[in-house]
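Here is the structure we will look at, set down as structure tokens.
The values are calculated or read from the model by the stated rules, or taken from the named source; none is laboratory data. Because the structure is predicted, anything quoted here is derived from the model rather than measured. So basically every Cβ, Gly included, is an ideal-geometry build from the backbone, and we count neighbours across all protein chains shown.
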Amino acid sequence: MISQFKSQLFLLSLLAFVGGIFLWTLGNPLQETYLGLASLFLIGLSLVIERLAPLHRDWNIDTGDTVGDIGSFVVVFGIIDSALKWLSPFVILALLPNTNTTLGWPLWAQITAATLLIELGAWASHWAHHKYKPLWALHAMHHSSERLYTLNGFRFHPLNHILNHLIMFLPLLALGFSKEALLGYTALALPVTLFQHSNVGFQFGMFSYLFNTNTVHRWHHSAAYNEGMHNFGRAFVVWDHIFGTYYHPSDENEPAIIGLSLGGPSYPPPNQTLPQICWPFAKDCCQ
């Protein structure tokens, strides 16, 4: 286990690193590209650290799911996510053709409000994907892994990701939040979300009452239903505290089993990516 002081210093350093890139590139048309490159660096860093100091050595062993995780990263976050960002303003224009709203708030206020609203949308979407069977049929793909390591954080059903994006970001675009405000939220979230599935024994202490760290997020991936129905926030757990879904006994404790909720329906194993994508459309998937 990495000491609490080193874990907290590490997270603060990542926040300063990405935040510095955001501030340095303000007004630069390539700001999003720079943040994308920072993301790739953080993913690589997480992969290295979990090799050098794994929480569970067996979680570093490929069980046939790595190819699917990489494929999901390329398709969902490389292609679909890029298309959604490009198409979203056109969707707003189609739905609200007469709107020309632009918030006149200072950037710091927009980022603060955007963080709270995006996290609220993320919490609501995530909770609904666990509560309702047709949505769970999409979200089960993300929970099918029986180990937690950096790359399975990108295993998402394409429709699950599309719904999340629409719920989190379309309302803010309609309200007139600036692109810089949304990227400001992204800069705050990246150091947390990209290490959320890391197979590293961090101890974040009080930081885990604010951020959805990997020690908090592991409980959400518990195969025990009563444990997994917690910690629905994206990068922050503010709304989990408000709605009573926060759960984190301690940094040292963790779920007994990672994976789909015990007693759930039969589901293709994580090394069968295409069957997992097709499964929600099977006649008896949601029975």
>> Take GLU50 and tell me if it is over 24 Å from ASN214 (Cα atoms), surrounded by 12 or more Cβ atoms within 10 Å (Cβ to Cβ) and charged (D, E, K, R).
In response: no
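Kindly check whether there is at least one residue in segment 115-124 that is within 23 Å of GLN276 (Cα to Cα), assigned to a helix (DSSP H, G or I) and not acidic (Asp, Glu). Give the steps one after another, and end with the answer.
Kept after step one, since they are within 23 Å of GLN276 (Cα to Cα), are these residues of segment 115-124: 122.
Next, from what is left, pick out any that are assigned to a helix (DSSP H, G or I): 122.
Next, from what is left, pick out any that are not acidic (Asp, Glu): 122.
Scanning segment 115-124 turns up at least one residue that is within 23 Å of GLN276 (Cα to Cα), assigned to a helix (DSSP H, G or I) and not acidic (Asp, Glu).
Looking at segment 212-223, is at least one residue modelled with pLDDT under 95 and either part of a loop (DSSP other than H, G, I, E, B) or farther than 16 Å from LEU116 by Cα (or both)?
Residues of segment 212-223 modelled with pLDDT under 95: 223.
When the remaining residues are screened for being either part of a loop (DSSP other than H, G, I, E, B) or farther than 16 Å from LEU116 by Cα (or both), the result is 223.
Within segment 212-223, one or more residues are modelled with pLDDT under 95 and either part of a loop (DSSP other than H, G, I, E, B) or farther than 16 Å from LEU116 by Cα (or both).
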> Does ALA38 satisfy the condition of being in a helix (DSSP H, G or I), of a type outside the set (Phe, Trp, Tyr) and either surrounded by 14 or more Cβ atoms within 10 Å (Cβ to Cβ) or within 21 Å of the chain's Cα centre (by Cα) (or both)?
Replying inline: yes
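Does segment 34-64 hold any residues that are hydroxyl-bearing (Ser, Thr, Tyr) and at pLDDT 95 or above, and which are they?
Filtering segment 34-64 for residues hydroxyl-bearing (Ser, Thr, Tyr) gives 34, 39, 46, 63.
The answer is TYR34, SER39, SER46.
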> In segment 172-193, is there at least one residue being surrounded by fewer than 22 Cβ atoms within 10 Å (Cβ to Cβ) and closer than 23 Å to PRO255 by Cβ?
Replying inline: yes
> So which residues in segment 222-249 are farther than 15 Å from HIS139 by Cβ, of a type in the set (D, E, K, R) and in contact (Cβ under 8 Å) with a residue 40 or more places away in the chain?
Replying inline: ASP240
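Against the definition (touching a Phe, Trp or Tyr at 6+ places or on another chain (Cβ under 9 Å), among the acidic types (Asp, Glu), farther than 30 Å from CYS285 by Cα and buried (at least 18 other Cβ atoms within 10 Å of the Cβ)), how does GLU119 come out, yes or no?
Working: touching a Phe, Trp or Tyr at 6+ places or on another chain (Cβ under 9 Å): yes; among the acidic types (Asp, Glu): yes; farther than 30 Å from CYS285 by Cα: no; buried (at least 18 other Cβ atoms within 10 Å of the Cβ): yes.
Judged against the criteria, GLU119 is not a match.
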>> Which condition from (1) buried (at least 23 other Cβ atoms within 10 Å of the Cβ); (2) assigned to a helix (DSSP H, G or I) is the one that SER145 breaks?
In response: (2)
